[in-house]
1. Looking at (1) in contact with a Leu (Cβ under 7 Å, 6 or more places away or on another chain); (2) surrounded by 17 or more Cβ atoms within 10 Å (Cβ to Cβ), find the lone condition where PRO81 falls short.
2. Filter segment 1-49 down to the residues that are part of a loop (DSSP other than H, G, I, E, B) and more than 29 Å from ALA118 (Cα to Cα) and list them by number.
3. Go through (1) in a strand (DSSP E or B); (2) in contact with a Cys (Cβ under 9 Å, 6 or more places away or on another chain); (3) away from ligand 2 (no atom under 16 Å from the Cβ); (4) not hydroxyl-bearing (Ser, Thr, Tyr) one by one and return the number of the condition VAL52 breaks.
4. Restricting attention to segment 123-141, and to residues there that are free of Cβ contacts under 8 Å to residues at least 60 places away in the same chain and out of contact with any strand residue (DSSP E or B) (no Cβ under 8 Å at 6 or more places or on another chain), which single residue is surrounded by the most Cβ atoms within 10 Å (Cβ to Cβ)?
5. Name the residue, out of VAL185, VAL202, VAL174, that is touching a Gly at 6+ places or on another chain (Cβ under 6 Å) and within 30 Å of GLU106 (Cβ to Cβ).
6. Report, by residue number, each residue of segment 158-192 that is assigned to a loop (DSSP other than H, G, I, E, B), within 16 Å of ligand 2 (Cβ to nearest atom) and either among the small types (Gly, Ala, Ser) or surrounded by fewer than 16 Cβ atoms within 10 Å (Cβ to Cβ) (or both).
7. Have a look at PRO32, PRO49, PRO14 and point out the one that is within 14 Å of ligand 1 (Cβ to nearest atom) and either within 27 Å of ILE170 (Cβ to Cβ) or touching a residue at least 60 places away in the same chain (Cβ under 8 Å) (or both).
8. Taking the stated definitions as given, is LEU195 in a helix (DSSP H, G or I) and surrounded by fewer than 24 Cβ atoms within 10 Å (Cβ to Cβ)?
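Every read-out reported here was derived from the displayed coordinates using simple, explicitly stated rules and does not represent laboratory data. It should be emphasised that the depicted structure is a prediction, and the values quoted were computed from it without experimental measurement. Note that we place each Cβ from the backbone using ideal geometry, even for glycine, and neighbour counts take in every protein chain shown.
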Amino acid sequence: MAKIVGGIGCSHVPAVGAASDFGKTKDSYWTPLFDALPKARKWINDLRPDVVILVYNDHASAFSLELIPTFAIGTADLFKPADEGYGPRDVPDVKGHSALAWHIAESCILDEFDLTIANHMDVDHGCTVPLTVFFDQPEEWPVKVIPLCVNVIQFPPPTANRCFNLGQAIQRAVESFPEDLRVVVAGTGGMSHQLQGERAGVVNTEFDLTYLDNLIDNNEVNRKMSHLEFIREAGSEGIEMVMWQIMRGSLDDQVEEKFRKYHVASSNTAFGIICLENKTV
Ligand code: DHB
Ligand code: FE
């Protein structure tokens with residue numbers, strides 16, 4: 001049977017992708033972040049994942065404001081990097097796992113989570129930047145990727161609690177897939193940041209570090225947090241952190257932290273990555 005072997009929370013700051021794409025990772029601005037990543041990459045590599053379910057938000061690239069699915073699962077075998085205005089990133093195409101994606105769609109919908117099915121979808125920095133963080137610059141991404149898109153762009157986004165519950169439904173779905181696949185679930189976005197308006201540039205380190213700590217052994221607090229609280233404490237785009245709850249919900253109650261890096265600032269944003277595994281008894 002398939003099983004979830006790890007969970008990752010990770011920011012998806014576009015400037016991190018650009019730093020990698022344009023050879024800037026050794027610049028002094030970027031070394032505090034990029035020098036920390038080999039350890040995370042080794043942990044991921046050692047897990048030998050076959051598939052990453054990559055939870056992210058589309059930033060009006062694949063979906064315009066004409067159509068806003070709350071949750072959309074990519075069921076295709078191929079997803080092209082989206083053109084976000086500067087041409088698509090020069091990174092490998094993202095290869096899907098259609099059979100597992102359809103199984104998750106069926107299982108979740110029958111479990112009363114009505115996912116939108118995306119048979120064709122370009123993937124923007126929300127999806128491709130975490131892949132760079134996890135895998136650096138390979139010729140081909142070393143895993144199949146199931147993109148799971150969440151609306152955090154247009155009010156009302158789903159609650160953190162709804163996201164957590166979807167994560168639990170995804171765990172049930174994965175664990176009922178008959179093939180022996182090793183699956184990692186990644187929740188992306190955040191951490192605290194606001195890109196617009198009077199509070200543009202907001203970063204709240206205390207909030208972010210508490211959110212990371214609580215993922216381990218006090219996630220009820222994160223899960224019950226309201227939209228207002230996320231936005232007040234972590235800025236308008238800090239709401240992206242609800243997506244980490246899908247990752248957290250897909251793991252067991254008891255988890256162990258295997259890696260963490262938190263760095264301010266990466267462009268306008270607090271960058272965070274945390275790697276989790278189910279605790280073995
Ligand atoms: C930026 C954009 C994002 O989508 C994000 O999550 C963080 C930062 C940016 O434009 O800097
Ligand atoms: Fe974002």
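1. Evaluating PRO81 over (1) in contact with a Leu (Cβ under 7 Å, 6 or more places away or on another chain); (2) surrounded by 17 or more Cβ atoms within 10 Å (Cβ to Cβ) leaves (1) as the failure.
2. Within segment 1-49, PHE22, GLY23, LYS24, THR25, LYS26, ASP27, SER28, TYR29, TRP30, ASP35, ALA36 qualify.
3. Among (1) in a strand (DSSP E or B); (2) in contact with a Cys (Cβ under 9 Å, 6 or more places away or on another chain); (3) away from ligand 2 (no atom under 16 Å from the Cβ); (4) not hydroxyl-bearing (Ser, Thr, Tyr), VAL52 violates only (2).
4. Keep residues of segment 123-141 that are free of Cβ contacts under 8 Å to residues at least 60 places away in the same chain, which gives 138-141.
Now drop any that are not out of contact with any strand residue (DSSP E or B) (no Cβ under 8 Å at 6 or more places or on another chain), which leaves 138-139.
On the way: PRO138: 11, GLU139: 6.
That would be PRO138.
5. Numbers: VAL202 fails: within 30 Å of GLU106 (Cβ to Cβ); VAL174 fails: touching a Gly at 6+ places or on another chain (Cβ under 6 Å).
After ruling out the rest, the residue left standing is VAL185.
6. If the condition is that a residue be assigned to a loop (DSSP other than H, G, I, E, B), within 16 Å of ligand 2 (Cβ to nearest atom) and either among the small types (Gly, Ala, Ser) or surrounded by fewer than 16 Cβ atoms within 10 Å (Cβ to Cβ) (or both), then GLY189, GLY190, SER192 are the ones that fit.
7. Exactly one of PRO32, PRO49, PRO14 is within 14 Å of ligand 1 (Cβ to nearest atom) and either within 27 Å of ILE170 (Cβ to Cβ) or touching a residue at least 60 places away in the same chain (Cβ under 8 Å) (or both), namely PRO14.
8. Details: in a helix (DSSP H, G or I): no; surrounded by fewer than 24 Cβ atoms within 10 Å (Cβ to Cβ): yes.
Against the criterion (in a helix (DSSP H, G or I) and surrounded by fewer than 24 Cβ atoms within 10 Å (Cβ to Cβ)), LEU195 does not qualify.
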